[in-house]
Amino acid sequence: MITASGWGWRYAGRPDWAVRGVDFTVEDGERVLLLGASGAGKSTVLAALTGVLGGADEGTEEGRLLIDGKHPTRVRGRVGLVMQDPESQVVLAKVGDDVAFGCENMGLPRQEIWPRVHRALDAVGLRVPLDQPTGALSGGQKQRLAIAAALAMHGSTAESAGPGILCLDEPTANLDPAGIVEVRDAIGRVVADRTTTLLVVEHRVDVWADLVDRIIVLGTDGILADGPVAQVLAEQATELLAAGVWVPGVPHPLSPRPVHASARPLLWTEDLTTGYQASRPVGRHLEVSIPKGLSTVITGPNGAGKSTLALTLAGLLRPLAGRVRVAPGLQPEPRQRGRRSSRTLDPADPHTWTSRHLLTRIGTVFQQPEHQFVERQVREELAVGLRALDWPQPQIDRRVAELLETLHLTGLATANPFTLSGGEQRRLSVGTVLATSPALIVLDEPTFGQDRNTWTDLVQLVLQILAEGRTIISVTHDPAYLEVLAENRLVVTATP
Amino acid sequence: MTNNLTNQQRLDDQTTPAPTSRHRWRVVDIVVAAVLGVACGLIFFAWNSVGYAWFTTMDALTPGLGGIAAGLWFLGGPLGMLIIRKPGAAIMVELIGAVVSALLGNVWGITTLYSGLAQGLGAELAFALFAYRNFKLPVALLAGAGAGLGAWTLELFTSGNLAKGPAFLAIYFATTVISGAVLAGGVGQLLTKALASTGVLDRFASGRDGGS
Amino acid sequence: MTAVQTGTTQAAAAPTLLDRMNSVTRLGLAVLASLPILITLDWVSALTMLCCQFGIFVACRVPLPLLARRTAPLLLVAPIGAVSMALYGRPGGEIHFQWWLVTISDRSLLLAVAVFLRILVLGSSAVILIGGADPTRMADGLAQILRLPARLVLGTLAGVRMVGLFAEDWRTMALARRARGIGDIGRLRRFFTMAFALLVFAIRRGTKLATAMEARGFGSERERTWARPSRLGRADLFGLLVTLAAGALSIGMALWAGTFWLVLWDAT
Ligand SMILES: Nc1ncnc2c1ncn2[C@@H]1O[C@H](COP(=O)(O)OP(=O)(O)OP(=O)(O)O)[C@@H](O)[C@H]1O
Ligand SMILES: Nc1ncnc2c1ncn2[C@@H]1O[C@H](COP(=O)(O)OP(=O)(O)OP(=O)(O)O)[C@@H](O)[C@H]1O
Ligand SMILES: [Mg+2]
Ligand SMILES: [Mg+2]
């Protein structure tokens, strides 16, 4: 049984409490969906339950959060957590070893471990060899790996010191639609016999509504709503909407633009082959054309090569074969050479441009927000590109303040980008690129981890940028995003 | 009666965080020490060509001045301890650095490990002398010098330096120790400060007090 | 049951007979082989050991190009180490040259030859470690055979695994900086800013990884099991015997030739 009474946590170095005044009780075997706005403290609650929030010098705790009357740090191993960021949870170098790691820690006998590993990988649909290097997985594949690792630990035959608790922090944020169903069903099977308690954090209610018994909504001060799914959704819909919950059946407020057809291409490829190593091409013979002034959306299953294609189009990855071409309007002056003398400039090929050329022409948001952060404060982070363009300081300040407002980050202006919540990091990384308003913007999964309010503002920002005549390429699995922005759609299919 | 009371207290205790001691290694200490060790190993590996060119030339041409370049190879000990601040951190980081340097391939082979151990031990002793409570610059310099002492002592045997003349040994001692203090202790302190200022060491005491 | 084999599949390189040994044995043998060389400073024992080593490597089918690549730098380094000994080694016997601190004598020349051979032996013995360097297998061995604390070994392994990601991170970081408009700075400055950024990134990831490991029950009180068994076999015993024999032979040869010289002896 989990009991929280007046529980709160404040991270060292932050003036505000991340969560405060939390009261709830969860019985053994219950299944709970934990909701709340981005930054409400959901991940913090799960980390606390797992006992990994850190000691007294890493933050201040108030009230009580107990598992069977004990502090979570005293019952480590009872609670399994799949953290929000799939990238940082890969422990070992090979897929099989990584899934087995949790089982070993639980003290399972060896002959039981490997069958479990196979079952867990099957359940989440990660069909790669056991000795596949974990470093060469796509974002969605890593997420499946993390879930498989947790599932293997919590298989029903686990004899452990008390019933297990499984915490999942946005487990489907990076998955393709088929994967979401697959993973949800796999988790459903694990909790089917009601011996495992389940706590899921997710912004999308509809995926989990059938599986969970109960919804708990975190607000800014304490619990906003707590009760059976149908009842809470019916009775408190307005409060939930205000708190940013995606209430099923209530459509988002945005609608697609009227699209003027037959735009001229801004960028296109000629027999392009993408990939990281010549021996293992990811996408082959791609003929892609990006119309100017429109929003192009790339979809496809996990690991199909969407991110790889996006980075290649953006002039960051070198094509393995074939070419990326850019329309004359977007090309830099041939004579204007950067200091990077090792590349000979071909104005039509963005991979040969200098970093400064790219800045005003093609902006890229990576799938992993953390890869892109270079500064120590949110505010500085937004100003990096503007500085590189030599904007005057007052103008930079104005632009940054404006962006902070739109991205719901004003209160975090001086925070370290790396300490932000998952959704906050995503918004910041999108903001850094939108700041310099490049003519072509490439966004890799721009909306994952967003609540309904931040999602709306983010998509509105994208629409506004489109209205300025700029071109956008997005990679996404988000159906709502597709509804609004799929003016031109590319589907990437996995090459066998 | 008393029995009852202690039982009661023990029950109460269960609702508070599990006790941690200042000297016990947390998982994060171990992992970050390993990361630092690997990073140092890469620095050593780079220095194995640049520094070694200086070291060998000076060693061959002058009596013992080669030691001047040696300090950077001692970086792991002071750096590890300045950041992690747990007993054994200096030895662990320097040793992992040595292992990485050996595995990447260097001219010393397996003896790199002995060097790592001796240098780490030298640095460790300096901090132990202050009961693992003082991590300020003077102690860092002392630790760097200690690592130099460790290296010098080991090489009496592994390089057969015992068979060399006392003048050589004295000069080599002075250069190694000074180089250790500056290139390991001083650089270690600077690096710790720089890392602390990025906020990456927030989970360590060294990050919270700005690395000194 | 067959799946137990996973995680121990060999890298692409052709397996040598050395691969039949446990990684921990290989490490132990490298240490063992270095001891007779370290305790004596003489050319006979070093030369004997050098011949034994190369004989063993060739017999174990270590590819010759690999052997050559590993030992080539030694041929450059060893003479320099020898020169130092020739110039500053304690004089003895006939003196050929003297200037300030430099004295070249019979004895220092003989020592120099010994140092030359010694560097070759110690440097090339690391070849035995090649291929045994899969960190996962090494960690399995250290924890299961040497019984080092699992927390320490696996925590270290997780940290060390990141070295494999350094190259990848470096590339991603270069791409990100290019995309952010700060990729045009000078080469040297870029190298150092990126190296520092990489270190920061690795520590940050290490911190998070530690949390993820604890979230999977790592570091709890519970006794841990091992999915990949690490065992010693006949090959390990054989390796031990061969190494002991080589060590004994080289010391024996030195004693027989009368050149044995314990490094601790403070001769005149
Ligand atoms: N390590 C940290 N150090 C300091 N502050 C933090 C840290 N992690 C989170 N925070 C802050 O605590 C608050 C709650 O964060 P948390 O990650 O729990 O939010 P969340 O509800 O999970 O949000 P999201 O839906 O965006 O993931 C946020 O304002 C965040 O900036
Ligand atoms: N850094 C890398 N090095 C080598 N191979 C990689 C790397 N990143 C991804 N891959 C491989 O390339 C393929 C395509 O990966 P990519 O990241 O482009 O997929 P994706 O379509 O973006 O998937 P997702 O929806 O999961 O993000 C995958 O099979 C993956 O294994
Ligand atoms: Mg979160
Ligand atoms: Mg992707």
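Throughout, read-outs are computed from the coordinates displayed, never taken from laboratory work. Fair warning: this is a prediction, and the values are worked out from it, not measured in the lab. Reconstructed Cβ throughout: ideal geometry from the backbone, glycine too, with neighbour counts over all protein chains shown.
Rounded, prolate or oblate: pick one for chain C, where a ≥ b ≥ c are the square roots of the eigenvalues of its C-alpha gyration tensor, a/c under 1.5 means rounded, and failing that, prolate if a/b is larger than b/c, else oblate.
Oblate, because a/c is 1.5 or more while a/b does not exceed b/c.
If you put +1 on each Lys and Arg Cβ and -1 on each Asp and Glu Cβ, how big is the dipole of the range A:38-171 around its Cα centre, in Debye rounded to 20?
Result for the range A:38-171 is approximately 340 debye, rounded to the nearest 20.
Excluding same-chain pairs closer than 8 in sequence, count the lysine pairs in the protein assembly as shown whose Cα atoms lie under 30 Å apart.
Eligible lysine pairs with Cα atoms under 30 Å apart amount to 19.
Provide the FRET efficiency to the nearest 0.05 for the A:Ala178-C:Leu146 pair, computing r from the beta carbons and using R0 = 56 Å.
0.75
Per residue of B:168-181, what is the mean number of Cβ atoms on other protein chains within 10 angstrom of that residue's Cβ?
1
Among B:18-31, B:176-189, B:143-156, A:115-128, how do they line up by average Cβ neighbours within 10 Å per residue, starting with the highest?
Details: B:18-31: 17.1, B:176-189: 24.5, B:143-156: 26.2, A:115-128: 19.6.
For the peptides B:18-31, B:176-189, B:143-156, A:115-128, the packing ranking is B:143-156, B:176-189, A:115-128, B:18-31.
Let me make sure I get this right: for the protein assembly as shown, a, b and c are the square roots of the gyration tensor eigenvalues over alpha carbons, sorted descending. Under 1.5 in a/c it's rounded, otherwise prolate if a/b > b/c, else oblate. Which is it? Could the numbers behind the result be given before it?
On the way: a/c = 1.94, a/b = 1.54, b/c = 1.26.
In terms of gyration-tensor shape, prolate.
Which of the three applies to the range A:259-335, rounded, prolate or oblate, going by the alpha-carbon gyration tensor with a ≥ b ≥ c and a/c under 1.5 meaning rounded?
Since a/c reaches 1.5 but b/c is at least a/b, the shape of the range A:259-335 is classed as oblate.
How long are the three semi-axes of the equivalent ellipsoid of chain A, in whole Å, if each is the root of 5 times an eigenvalue of the C-alpha gyration tensor, listed from largest down? Spell out each step's value before the answer.
On the way: eigenvalues 313, 144, 88 Å².
Square roots of five times the eigenvalues give 40, 27, 21 Å.
Just for the protein assembly as shown, what percent of DSSP beta bridges are antiparallel, to the closest 5? Numbers along the way, then the final one.
Values: 38 of 74 bridges.
That works out to approximately 50 percent antiparallel.
Beta carbons within 10 angstrom, averaged per residue: use that to sort the peptides A:442-455, C:33-46, highest first.
A:442-455, C:33-46
Put +1 on the Cβ of each Lys and Arg and -1 on the Cβ of each Asp and Glu in the protein assembly as shown; which of C:Gly89, A:Phe101, A:Ala48 then has its Cα farthest toward the positive end of the dipole?
Going by the Cα projections, it comes out as C:Gly89.
Kirkwood Rh over alpha-carbon pairs of the range A:22-143, then Stokes-Einstein at 4 °C and 1.567 mPa s: what D in µm² s⁻¹, rounded to an integer?
In µm²/s, the coefficient is 77.
Counting each DSSP H run of 4 or more residues in chain C as -39500 (n - 2.57), what helix-only mean residue ellipticity at 222 nm follows after dividing by all residues, to the nearest 500 deg cm²/dmol?
When only DSSP H runs of four or more count, the value is -22000 deg cm²/dmol.
Please get the size of the charge dipole for the protein assembly as shown, origin at its Cα centre, with Cβ charges of +1 on Lys and Arg and -1 on Asp and Glu, quoted in debye to the nearest 20.
With Lys and Arg at +1 and Asp and Glu at -1, about 2260 debye.
Once each part is reduced to its C-alpha centroid, what is the distance from the range A:23-39 to the range A:385-420 in angstrom?
For the range A:23-39 versus the range A:385-420, the Cα centre distance is 34 Å.
Helix B:27-61 versus the longest principal axis of chain B: what is the Cα-based angle in degrees, 0 to 90, to the nearest 10?
Helix B:27-61 sits roughly 10 degrees off the main axis of chain B.
Need the C-alpha centroid separation for the range C:94-117 versus the range A:165-180, integer Å.
Centre-to-centre distance over Cα atoms comes out at 72 Å.
How many angstrom lie between the Cα centre of the range A:220-275 and the Cα centre of the range A:44-88?
30
So for the protein assembly as shown, taking the charge dipole from beta-carbon charges (+1 Lys/Arg, -1 Asp/Glu), which of A:Ala18, A:Val128, C:Ala248 sits furthest toward the positive end?
Of the listed residues, the answer is C:Ala248.
Using DSSP, restrict attention to beta bridges with both residues in chain A and report what percent are antiparallel, rounded to the nearest 5. Could you put the intermediate results ahead of the total?
Details: 32 of 68 bridges.
DSSP beta bridges in chain A are roughly 45 percent antiparallel.
Determine the shielding of peptide C:71-81 by partner chains: average, over its residues, the number of Cβ atoms on other chains within 10 angstrom of each Cβ.
Mean shielding count: 3.
What's the magnitude of the charge dipole for the range C:149-215 around its Cα centre, counting Lys and Arg as +1 and Asp and Glu as -1 at the beta-carbon? Answer in Debye, nearest 20.
Roughly 240 debye, rounded to the nearest 20.
From other protein chains only, count the Cβ atoms within 10 Å of every residue's Cβ in A:49-57, then give the mean.
Other-chain Cβ atoms within 10 Å of each residue's Cβ, averaged: 5.
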